[in-house]
Protein chains: 2
Amino acid sequence: MTTSDELVFLPLGGAGEIGMNLNAYGFGPPEDRKWIIVDVGVTFGGQDEPGVDVILPDPTFLETERDGILGIVLTHAHEDHIGAIGWLWPRFKAPVYATPFTAALVREKLRERGLLQKVPLTEIPLKGRLELGPFDIEFVTLTHSIPEPNGLAIRTPLGLVWHTGDWKIDPNPIVGETTDDARVRALGEDGVLAMVCDSTNVFVEGEAGSEEGVREGLEAMIRSCTGKVAVTAFASNVARIDSTIRAAQACGRSVCLVGRSMHKIVGAALSVGILKDVPPFVTEEESGYLPPEAVLYLCTGSQGESRAALARVASNQHRHVTLGEGDTVIFSSRVIPGNEKAIYALYDQLLARNVRVVTDKDAHVHVSGHPCRDELRQMYQWARPRIAVPVHGERRHILEHAALAQTLQVPETVTPRNGDMIRLAPGPAAVIDEVPAGRLFVDGDIVLDSGDEAMRDRKRLGAEGQVTVSFAVSAKKRAIVSGPDVRVRGLSTGDEETLEAALDDLAAAAEAAYHRLSSAERQDEDAAEEAVVRAVRKAADKIWGKRPLVDAVILTV
Amino acid sequence: MTTSDELVFLPLGGAGEIGMNLNAYGFGPPEDRKWIIVDVGVTFGGQDEPGVDVILPDPTFLETERDGILGIVLTHAHEDHIGAIGWLWPRFKAPVYATPFTAALVREKLRERGLLQKVPLTEIPLKGRLELGPFDIEFVTLTHSIPEPNGLAIRTPLGLVWHTGDWKIDPNPIVGETTDDARVRALGEDGVLAMVCDSTNVFVEGEAGSEEGVREGLEAMIRSCTGKVAVTAFASNVARIDSTIRAAQACGRSVCLVGRSMHKIVGAALSVGILKDVPPFVTEEESGYLPPEAVLYLCTGSQGESRAALARVASNQHRHVTLGEGDTVIFSSRVIPGNEKAIYALYDQLLARNVRVVTDKDAHVHVSGHPCRDELRQMYQWARPRIAVPVHGERRHILEHAALAQTLQVPETVTPRNGDMIRLAPGPAAVIDEVPAGRLFVDGDIVLDSGDEAMRDRKRLGAEGQVTVSFAVSAKKRAIVSGPDVRVRGLSTGDEETLEAALDDLAAAAEAAYHRLSSAERQDEDAAEEAVVRAVRKAADKIWGKRPLVDAVILTV
């Protein structure tokens, strides 16, 4: 059994999906590893997780290693990199490190979970450096669709890992500095053992494009508008907010922020000195007194989220903001896969009010924050890693990224899956272990395992409905003395009368099934209930052609 | 009040969505219109309609006009044009007309609903003609992604309507004849009052491309494969099936059909003389004895449908078909909006088995069946209608199509919504009435109104879960004599022990609420149950931070 030092990389999120990033680096002998965690992100629930807003990476393995965790280092403030901090920090209880803007938003999250006083959160300046045991971590400024995107140069006694986080190469990012390519090239000169790199846009040729072009495109588009204008974008894209504000200013429009996260992010940006020289905003109430051509709404809801500002405006349910004939909505955003139906429905709702809809297909009003193939090629030329480790992708992104790295003559590539413990040194890169990985669902206030029976039941309830049959039986003879009372939820026959008949059929089925039981069988309440459930399920299938969940409740009096 | 003849067009489906086509044309004075119905299609349920497979256009208005309905004419056999015939025919009870391949599939649908002997179904030959009262209907052969796509030239005393149905211009459609442009030009010469036309691809420049190119692309791709090959495509795309079979033959592979609808469509095609000279298929069982390089599976499931053949293969749950390292799946299909997540998950499942995935992004293995902008321009030049009536589109498609028609100098355009009754003649086109339009849900064996409370409850059940509290009370004193018994579905606390505690809390809340009621209040059972429901709902919110549906059952003994 070896006891010599190893350097390992362990993704628990982000290697299988774009989002929900949770990465760990371990150093030391296998029986006594020291760990740093890089990013603690979430993803969002969809049709397969009804009622679940937020999904977390399963941290079980790292919990067992908690004593060895030296710190949690955050690359940038997107939800898929910091969103789980409030939920998972209590499982790690390690100090947290982030640059100022990221730290401002992390504080907000910790406050929401009542953790603000408990979590040691240290601000690292941009281009700062941090030593955590065997890990010497340098923050390298990159460009992305949020302020302060940092790559991490992680130096260890067994080599340097270049963890890019999310990035692109933007020669004019509007907010923040440009990509510090001199520093990345210097890392390449020092010798990069492994590059752990963003795969999001690996299927897109060329370059993502600069924010500067979007600023120009937005201004030209807004200038052509005569009525009210609403621009919807991700609130976290502060450069886009800045661009929109400047474009509005150039066109003589006052900006009104609409939506909670717009206010939150703008507040965080102002707190760290970003956006500080923009003209004052108008409130929603004030905006109503301005002529249409003098106002620009900056709204949340570009993904068709039903509770976001733009959806409420589109359905005419917003308290202060209304749009109609002659007005324009500019989607300064992309369509995230999975959101198509919601977004297209939102377009149609706006068009139904004769609002003009402009998207990135119609005008240059959006660029991606992730590197396309030419940028990836450039990064590999700068960093020249020995090992390519694609992350931040679904399986096909990771495989395609590995194939691209091979064409660039990177000597080794690995294609990690969540839970793969990958030895980066010594020796060739290899998966040396698999640890539990998965997803946890934040269901209301409770964190559930993704395999929890409740989630399976909910999907079935949603598709098939629920039947509950209750009756009371006498304690001695176990004869039915009241009921059966039948309740159905989520099942209809289209009219009251036939529904009454259906309920009678279910009650009769329950009664008949109970009467078929011997008095000995009736003594076993669980078995008796199960017999009733089976009969009611069969009757329901006959009535509706569906398989609802069925509960039988036998009360003994 | 006018009693002169009018020609009206009434879309009840397809003008607001791509799919669910249901069109009606009316002729006569308003108080005595004669009607023909063109197409009776469905759309499919998604995340907003859990448990609903099929969605129908609401036919309520046409039911009230039933005595005037002269016939139901079907343009082609896609589900969104014929899928509702079995559900809605009993509401119209009019004779049905279709060309042979369409009729074969319609018979199948009628058989499933026990209507085969009841429905008068008349086969019309390709290029045939049909007179129904004031309507003289000519079937014009077009090209599309299914055999026998027909446009309808509908002649009336007030002018000719050119109803295109779904079409493209394919110079070599592989199966069937090419677009009968001579006939369409002749209609233009005769004078087309209105063209009711497909809007699906109005946002796509250029042309859809020919099936012939796909045949070549498929063959080249299959030739490059060494292991097993599976091709997935819409079963109804018989030309694609033909192309795949020929390509397989050219590459020395035997074809095995996998999936119920593949067999159904191939059967229908053979029954009308299409596909008749193809080599024999091998069964799933036989395919297992062939070497990998000698087999090609033609599978359903290109949209990631969870119960379709390909999904079962990808999850290794298919009885006979297995794929792994060295094998290839070719998606000869597009990604229908809304299906992205399911399809990408399917890609990843296949990639996780080291199966190569090829899509229309990687190779020329698919073309659309709908006209792109150049084809639309061509059609307008041929038909030269006085009125452009875009259909088969969401709101934005219909508006864009109308804008395109205006650039082509069509004198009038209308932008219909479902339920708009549009007068085409006499006088300028105008919406003269709005009739009820909407959607019906096929929920198991029952057809529900889309506003049915059951559907709202199901969404809430899926997201929030269900709590049922039952207890028995004495008839006289109305004191609790058994229970409360609490059942929860779709709610978890993560472990048994805390769940028990949660159930106890709910029972306590129910009991306390009941005890707070005066004995007079307890006499009103509904009010008493409502009081208990409110208390339990509140307790559930406290435990879970969720708002489940709550039922209280009070049994009197």
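The values are calculated or read from the model by the stated rules, or taken from the named source; none is laboratory data. It should be emphasised that the depicted structure is a prediction, and the values quoted were computed from it without experimental measurement. We place every Cβ from the backbone using ideal geometry, glycine too, and count neighbours over all the protein chains shown.
A few comments on the model shown:
- The stretch A:332-362, subset at pLDDT below 95 and among the small types (Gly, Ala, Ser), residue surrounded by the fewest Cβ atoms within 10 Å (Cβ to Cβ): A:352
- Any hit, the stretch A:384-402, residues being within 14 Å of chain B (Cβ to nearest Cβ), hydrophobic (A, V, I, L, M, F, W, C), crowded, with 19+ Cβ neighbours inside 10 Å and free of Cβ contacts under 8 Å to residues at least 40 places away in the same chain: yes
- Residue match in the stretch A:357-374 (condition: farther than 25 Å from residue A:219 by Cα, among the hydrophobic types (A, V, I, L, M, F, W, C) and not assigned by TED's automatic domain parsing to the domain that holds residue A:184): no
- All positions within the stretch A:38-81 that are assigned to a helix (DSSP H, G or I) and of a type in the set (Phe, Trp, Tyr): A:61
- Checking residue B:315 against (1) more than 9 Å from chain A (Cβ to nearest Cβ); (2) under 23 Å from residue B:243 (Cβ atoms); (3) within 29 Å of the chain's Cα centre (by Cα); (4) not aromatic (Phe, Trp, Tyr), the condition it does not meet: (2)
- First in the stretch B:489-500 and among the small types (Gly, Ala, Ser), second anywhere and part of a loop (DSSP other than H, G, I, E, B) and crowded, with 16+ Cβ neighbours inside 10 Å, Cβ under 7 Å, 6 or more apart: B:490/B:465; B:492/A:452
- The residue pairs whose first member lies in the stretch A:25-49 and is on the phi < 0 side of the Ramachandran plot, whose second member is in a helix (DSSP H, G or I) and buried (at least 19 other Cβ atoms within 10 Å of the Cβ), and whose beta carbons are closer than 6 Å, counting only pairs six or more residues apart or on different chains, are A:40/A:85; A:40/A:88; A:41/A:80; A:41/A:81; A:42/A:79.
- Flag if residue A:192 is closer than 23 Å to residue A:386 by Cβ, in the same structural domain as residue A:394 (by TED's automatic domain parsing) and in contact with a Pro (Cβ under 7 Å, 6 or more places away or on another chain): yes
- Failed item, numbered, when residue B:535 is tested on (1) more than 19 Å from residue A:470 (Cα to Cα); (2) within 14 Å of chain A (Cβ to nearest Cβ); (3) small (Gly, Ala, Ser); (4) touching a residue at least 12 places away in the same chain (Cβ under 8 Å): (2)
- Test: residue B:461 is modelled with pLDDT under 95 and within 14 Å of another protein chain (Cβ to nearest Cβ): no
- Residue pairs whose Cβ atoms lie under 6 Å apart, separated by 6 or more positions or on different chains, with the first residue in the stretch A:62-83 and farther than 18 Å from residue A:140 by Cβ and the second of a type in the set (A, V, I, L, M) and assigned to a helix (DSSP H, G or I), are A:82/A:106.
- Of all residues in the stretch B:428-451, exactly one satisfies the criterion of being facing chain A (nearest Cβ under 8 Å) and closer than 30 Å to residue B:414 by Cα, namely B:449.
- Every residue from the stretch A:513-557 that is assigned to a helix (DSSP H, G or I), under 44 Å from the mean Cα position of the chain (by Cα) and among the basic types (Lys, Arg): A:534, A:537, A:538, A:542
- Among the residues of the stretch A:451-498, the one identified as among the hydroxyl-bearing types (Ser, Thr, Tyr) and in a helix (DSSP H, G or I) is A:498.
- Qualifying position, being closer than 24 Å to residue B:442 by Cα, out of contact with any Leu (no Cβ under 9 Å at 6 or more places or on another chain) and not in a strand (DSSP E or B), among A:510, A:501: A:501
- Single residue of A:509, A:472, A:552 found to be among the hydrophobic types (A, V, I, L, M, F, W, C) and away from chain B (no Cβ under 14 Å): A:509
- Within the set A:111, A:91, the sole residue that is free of Cβ contacts under 8 Å to residues at least 24 places away in the same chain and either acidic (Asp, Glu) or not in a loop (DSSP other than H, G, I, E, B) (or both) turns out to be A:111.
- When A:101, A:135 are checked against the criterion of being touching a helix residue (DSSP H, G or I) at 6+ places or on another chain (Cβ under 7 Å), buried (at least 17 other Cβ atoms within 10 Å of the Cβ) and touching a residue at least 60 places away in the same chain (Cβ under 8 Å), a single residue qualifies: A:101.
- Within the stretch A:405-412, none of the residues are at the interface with chain B (Cβ under 8 Å from one of its Cβ atoms) and not small (Gly, Ala, Ser).
- Residue check, residue A:454 within 11 Å of chain B (Cβ to nearest Cβ), crowded, with 19+ Cβ neighbours inside 10 Å and either under 23 Å from the mean Cα position of the chain (by Cα) or at pLDDT 95 or above (or both): yes
- The lone criterion from (1) part of a helix (DSSP H, G or I); (2) surrounded by fewer than 23 Cβ atoms within 10 Å (Cβ to Cβ) left unmet by residue A:379 is number (2).
- Residue count, the stretch B:475-502 (criterion: surrounded by 20 or more Cβ atoms within 10 Å (Cβ to Cβ), more than 7 Å from chain A (Cβ to nearest Cβ) and of a type in the set (A, V, I, L, M, F, W, C)): 3
- Taken together, A:546, A:542 contain a single residue that is within 11 Å of chain B (Cβ to nearest Cβ), surrounded by fewer than 22 Cβ atoms within 10 Å (Cβ to Cβ) and under 22 Å from residue B:490 (Cβ atoms), which is A:546.
- For the stretch B:366-381, the condition of being among the hydrophobic types (A, V, I, L, M, F, W, C), facing chain A (nearest Cβ under 10 Å) and under 27 Å from the mean Cα position of the chain (by Cα) holds for none of the residues.
- Residue A:307 being closer than 20 Å to residue B:203 by Cβ, outside any helix (DSSP H, G or I), modelled with pLDDT under 95 and more than 12 Å from chain B (Cβ to nearest Cβ): no
- From B:407, B:413, residue being out of contact with any strand residue (DSSP E or B) (no Cβ under 8 Å at 6 or more places or on another chain), hydroxyl-bearing (Ser, Thr, Tyr) and either farther than 30 Å from residue B:48 by Cβ or not assigned by TED's automatic domain parsing to the domain that holds residue B:48 (or both): B:407
- Test: residue in the stretch B:474-483 that is touching a helix residue (DSSP H, G or I) at 6+ places or on another chain (Cβ under 6 Å) and at pLDDT 95 or above: no
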